[in-house]
1. For segment 134-168, which residues satisfy the criterion of being part of a helix (DSSP H, G or I), modelled with pLDDT of 90 or more and not charged (D, E, K, R)?
2. Go through segment 136-165 and give me each residue that's open to solvent by less than 90 Å² (accessible area, probe 1.4 Å), of a type outside the set (A, V, I, L, M, F, W, C) and under 18 Å from Gly84 (Cβ atoms).
3. Of all residues in segment 1-41 being at pLDDT 75 or above and not in a helix (DSSP H, G or I), which is surrounded by the most Cβ atoms within 10 Å (Cβ to Cβ)?
4. Confirm whether Ser120 is open to solvent by 40 Å² or more (accessible area, probe 1.4 Å) and among the polar types (S, T, N, Q).
5. Among the residues of segment 74-91, what is the count of those that are open to solvent by 50 Å² or more (accessible area, probe 1.4 Å) and either more than 29 Å from Ser147 (Cβ to Cβ) or modelled with pLDDT of 85 or more (or both)?
6. Taking the condition of being among the acidic types (Asp, Glu) and in contact with a Cys (Cβ under 8 Å, 6 or more places away or on another chain), how many residues in segment 34-60 meet it?
Amino acid sequence: MHDGQMKTLKLFSLLAAVALLAGGCDFIRASLGKPTSADIQAIRDRIAMEEEAARKAEADSIANAQLMAQEQEKALLYSGNPAGRYNILSGAFKDSVNAVARMDEIRAKGYDARLLRMRSGYMAVIVFVSDDSAEAYSRYNELAADSNFGFDICIHDAKAELQAYQQSQNN
């Protein structure tokens, strides 16, 4: 290399060093049309905001679904005690999803069915309610003989259960 080229190379090296010290990598990136650290940070911030919005939307969706399920469950439940002493049950389930599924199956066959949360925590599927034992047993026999119904059933005496529960609380 001759002397003029050496001076040019030294000058270019000096300018590159000053540019790096003055502006760092951002100067070079900007000169080359690449994103700077501020651009990259803005992209990171936008992604973080989008992820947070997605998490919030998912949490809101879950909360709304739970609220709707609770409201639907309330609408399907007999309030407090059923209207009658004798209930024809078609199952009692620890998992309310299974109780709702059974209720839906019974309703799909054209029968009335409701849910009752029992003191034990189980969710019972009720297909008939009456204060009259003869009426309850008559309906039980009709349903048991009805091949279209097709579900196991039993008669539940709400008064007897309440008395047993009260007695257990007194002991």
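The values are calculated or read from the model by the stated rules, or taken from the named source; none is laboratory data. In this text the structure is predicted, and so the values were computed from the model without any measurement. With ideal geometry, Cβ positions are generated from the backbone for all residues, glycine too; neighbour counts draw on all protein chains shown. These accessible areas exclude ligands, DNA and RNA; they are computed on the full protein's heavy atoms, side chains included. Shrake-Rupley method; radii C 1.70, N 1.55, O 1.52, S 1.80 Å.
1. So the first thing to find is which residues in segment 134-168 are part of a helix (DSSP H, G or I), and the list is 134-145, 158-168.
Filter again for modelled with pLDDT of 90 or more, leaving 134-145.
Within segment 134-168, Ala134, Ala136, Tyr137, Ser138, Tyr140, Asn141, Leu143, Ala144, Ala145 meet the criteria.
2. As a first pass, look at segment 136-165 and keep what is open to solvent by less than 90 Å² (accessible area, probe 1.4 Å): 136, 138-140, 143-146, 148-151, 153-158, 160-162, 164.
Narrowing the set further to residues that are of a type outside the set (A, V, I, L, M, F, W, C) leaves 138-140, 146, 148, 150, 156-157, 161.
Ser138, Arg139, Tyr140, His156, Asp157, Glu161, listed by residue number.
3. The residue in question is Thr36.
4. Numbers: open to solvent by 40 Å² or more (accessible area, probe 1.4 Å): yes; among the polar types (S, T, N, Q): yes.
Criteria met by Ser120.
5. Taking segment 74-91 first, the residues open to solvent by 50 Å² or more (accessible area, probe 1.4 Å) are 74-75, 78-81, 83, 85.
This time we only want the ones that are either more than 29 Å from Ser147 (Cβ to Cβ) or modelled with pLDDT of 85 or more (or both), so: 74-75, 79-81.
Of the residues in that region, 5 qualify.
6. Within segment 34-60, the subset among the acidic types (Asp, Glu) is 39, 45, 50-52, 58, 60.
When the remaining residues are screened for being in contact with a Cys (Cβ under 8 Å, 6 or more places away or on another chain), the result is none.
Residues meeting the conditions: 0.
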